[in-house]
1. If the requirement is being under 22 Å from Ile123 (Cα atoms) and in contact with a Lys or Arg (Cβ under 9 Å, 6 or more places away or on another chain), which of these qualifies: Phe14, Phe79?
2. Has region 26-44 got any residue that is closer than 18 Å to His87 by Cα, surrounded by 16 or more Cβ atoms within 10 Å (Cβ to Cβ) and free of Cβ contacts under 8 Å to residues at least 60 places away in the same chain?
3. Give me the residue from region 123-143 that is open to solvent by less than 80 Å² (accessible area, probe 1.4 Å) and among the charged types (D, E, K, R) and, out of that set, nearest to Glu78 (Cα to Cα).
4. Looking at the structure I just gave you, is Glu95 over 17 Å from Val7 (Cα atoms), open to solvent by 20 Å² or more (accessible area, probe 1.4 Å), acidic (Asp, Glu) and not in a helix (DSSP H, G or I)?
5. Can you pull out every residue in region 63-83 that is open to solvent by 80 Å² or more (accessible area, probe 1.4 Å) and at pLDDT 85 or above?
6. Can you tell me which of Ile90, Ile123, Ile117 is closer than 20 Å to Asp23 by Cβ and either touching a residue at least 12 places away in the same chain (Cβ under 8 Å) or more than 15 Å from the chain's Cα centre (by Cα) (or both)?
7. How many residues are more than 15 Å from Leu143 (Cα to Cα), among the aliphatic types (A, V, I, L, M) and part of a loop (DSSP other than H, G, I, E, B) when one looks only at region 1-33?
8. Could you please find all residues in region 98-138 being under 23 Å from Gly10 (Cβ atoms) and in a strand (DSSP E or B)?
Amino acid sequence: MKPHHLVLAGFGAFTKRAEVDFDRLSEHGLYLIIGETGSGKTTIFDAMTYALYGEVAGNRDKQSVASEYEDRDEPYVEFKFSHKNRHFIIKRTVEGKNPSDHSITEIDSSGKSVSAITGKSNIQKYVEDLIGLDAEQFMKVVL
């Protein structure tokens with residue numbers, strides 16, 4: 001799995017919309033994510049894991065990933081990644097209760113939708129089958 005782009009808002013340390021463009025970072029090869037304690041390094045990985053599996057590492061409740069600040073944006077994540085020459089966009093609304101609040105869409109090279117799946121558990125199962133790792137394995141191997 002290769003990350004391409006991450007958008008998160010109201011999530012952990014990121015009260016407002018923030019983006020990480022992994023493609024731009026990787027133009028120069030290997031890159032390092034650094035910063036002061038509390039600046040959001042772990043939150044970036046939590047957001048990717050939450051997008052993929054609806055879970056985060058550690059013993060935190062899924063709902064605790066929402067920023068605790070009063071002026072936060074509606075908490076959500078959007079993660080673009082590729083795997084085996086296929087491209088995907090996952091969107092999850094942290095406090096979303098409707099199946100449509102959680103979706104994974106496969107896109108073609110022009111960005112058009114090829115297929116889409118909604119619902120928390122449907123996405124988790126799809127990602128497990130796609131990547132070949134469940135959430136616990138992903139957190140151990142990748143994080």
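1. Numbers: Phe14 fails: under 22 Å from Ile123 (Cα atoms).
After applying the criteria, what remains is Phe79.
2. At the first step, the residues of region 26-44 found to be closer than 18 Å to His87 by Cα are 26.
This time we only want the ones that are surrounded by 16 or more Cβ atoms within 10 Å (Cβ to Cβ), so: none.
Looking for residues that are closer than 18 Å to His87 by Cα, surrounded by 16 or more Cβ atoms within 10 Å (Cβ to Cβ) and free of Cβ contacts under 8 Å to residues at least 60 places away in the same chain, one finds none in region 26-44, hence no.
3. This residue is Glu128.
4. no
5. Passing the criteria: Asp71, Glu74.
6. Step by step, each of Ile90, Ile123, Ile117 is checked, and only Ile90 is closer than 20 Å to Asp23 by Cβ and either touching a residue at least 12 places away in the same chain (Cβ under 8 Å) or more than 15 Å from the chain's Cα centre (by Cα) (or both).
7. The number of residues fulfilling the criteria is 2.
8. Those that are under 23 Å from Gly10 (Cβ atoms) and in a strand (DSSP E or B): His102, Ser103, Ile104, Thr105, Thr118.
The values are calculated or read from the model by the stated rules, or taken from the named source; none is laboratory data. Note that the coordinates shown come from a computational prediction; the quantities given were computed from them, not determined experimentally. So basically every Cβ, Gly included, is an ideal-geometry build from the backbone, and we count neighbours across all protein chains shown. What goes into the accessible areas is simple: the full protein's heavy atoms, side chains included, and nothing from ligands, DNA or RNA. Shrake-Rupley method; radii C 1.70, N 1.55, O 1.52, S 1.80 Å.
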